[in-house]
Amino acid sequence: MIEDVVRPAGPYSLRLSARHGSDATRSVRDGVLTATIPCADGLEQARAWQRPDGTICVQAVSEEGLLRMRFILAVDDDHSEFLSRFADDPLVGRATRHFRGMRPLRTVTVAHALLRAVAGQLITSGEARAIERRVVRATTRRLGELNGPPTAADLGALAPAELCRLGLGARRAATLVRLCRSGDLEQLKTVPTEVAAQRLERERGLGPWSAGVVCLQGLGRYERGLARDLGLVKLAAELWGRRVDAEETDALLAPYGEWAGIASVYLLAGYVSGLVGLRHENRDPRNGQDRRVAPRRAA
């Protein structure tokens, strides 16, 4: 094993970033993130934990493993500008202070992020994670307790019917196989975020939410994120005091510009934790009126 001690660029908390980070390819136990990573010599496992001085200790078998683990952790992508610019924002401001060091973890492969996006459409997060876990375990080699992350070749080798037996709906299974067979998904890392997002949204069965998952978790971009998430729909309904269609929630993320992706993560985390400023006036984009909504009372 080789070791690298990293000083993260900007505020960083591995505890916050990895609090929902376990899946079929990685685990979080006692503050240590262990991930299975494909490298030139095959699969290897890397580990990371945060020291009391804020540095991140990363261990891997190879230099390639170290670099890929740094990508997963997002330790080199400073979001300080987002935190400072929106510290007083009426919606996300309190969340930027409470979750200050949180950054979304990334997947090693773009195909894995695409699988996560397709599996997560229109179902609960628990169901989506269970489907993702079954697909990963059916398509990749195991190393210890964890599997390797799926590549486009792994997923494209399955027939849609096989994915259906693992829990994906027929349309979503066909979309995933078609995309994995149509080209090199990893090439999306070489193009601008909007180009990648538009490329994905042109595909049948994908929309802004799915493209955002791939951009945020597969490409490591902060411009696009969890647009039209059900949590944002619920938040908007409380803010505006009426039923809200998913596309209307684009107005919630528009003010954050190039930080809209990470803003979506902070908004959702803040909403669940009761930190979103529902006491503030928030303009309803449909009728131009400000609606003041009382916050939920704690049970």
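Some values worked out for this structure:
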quantity: For region 188-199, Karplus couplings with θ = phi - 60° (6.51, -1.76, 1.60), whole Hz, Gly/Pro x; calculated: 4, 5, 9, 10, x, 4, 5, 5, 4, 5, 5, 4
quantity: Cα-projected label distance for Ile123 with Arg47, points at 7 Å along beta-carbon direction, nm; calculated: 3.4
quantity: Globularity index of region 76-126, i.e. its alpha-carbon radius of gyration over 2.2 N^0.38 Å; calculated: 1.51
quantity: Contour excess over end-to-end distance, with Cα ends at His98 and Glu3 and 0.36 nm allotted per residue; calculated: 31.1 nm
quantity: Kirkwood Rh in Å, taken over region 5-49 so that all alpha-carbon pairs contribute; calculated: 11.7
quantity: Surface per residue (accessible, 1.4 Å probe) for the chain, Å²; calculated: 46
quantity: Which labelled figure in (i) 59, 49, 40; (ii) 56, 39, 39; (iii) 61, 46, 39 is Cα extents along the principal axes in Å, once derived from the coordinates; calculated: (i)
quantity: Crossing angle, helix 125-139 versus the chain [Cα axis fit, 0-90 degrees, rounded to tens]; calculated: 20
quantity: Rounded tilt (10° steps) of 110-119 against the dominant C-alpha axis of the chain; calculated: 50
quantity: 20 °C / 1.002 mPa s Stokes-Einstein diffusion coefficient of region 1-101, Kirkwood radius on C-alpha pairs, µm²/s; calculated: 148
quantity: The chain - charge dipole about Cα centre, Lys and Arg +1 at Cβ, Asp and Glu -1, debye rounded to 20; calculated: 1020
quantity: Exposed trypsin sites (Lys or Arg not before Pro) absent: longest stretch of the chain, with sites in DSSP loops and at most 16 other Cβ within 10 Å deemed exposed; calculated: 20-140
quantity: Two-decimal ratio, region 24-71, of alpha-carbon radius of gyration to 2.2 N^0.38 Å; calculated: 1.12
quantity: Percent carbon-and-sulfur accessible area, the chain, ignoring ligands, DNA and RNA, probe 1.4 Å; calculated: 50
quantity: For region 9-23, Karplus couplings with θ = phi - 60° (6.51, -1.76, 1.60), whole Hz, Gly/Pro x; calculated: 7, x, x, 8, 10, 5, 4, 6, 5, 9, 5, 10, x, 6, 8
quantity: Mean residue ellipticity (222 nm) of the chain, computed from DSSP H runs ≥ 4 via -39,500 (n - 2.57), nearest 500; calculated: -11000 deg cm²/dmol
quantity: Under 5 Å, built H, 5+ apart or other chain: amide partners of Asp77; calculated: Ala9
quantity: Alpha carbon centroid spacing (whole Å) that separates region 214-263 from region 1-68; calculated: 28
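The values are calculated or read from the model by the stated rules, or taken from the named source; none is laboratory data. Predicted model only: the values in this text are computed from it and were never measured. Don't worry about glycine lacking a Cβ; one is built from the backbone with ideal geometry, like all the others, and counts go over all protein chains shown. SASA here: full protein model, heavy atoms, side chains in, ligands and nucleic acids out. Shrake-Rupley method; radii C 1.70, N 1.55, O 1.52, S 1.80 Å.
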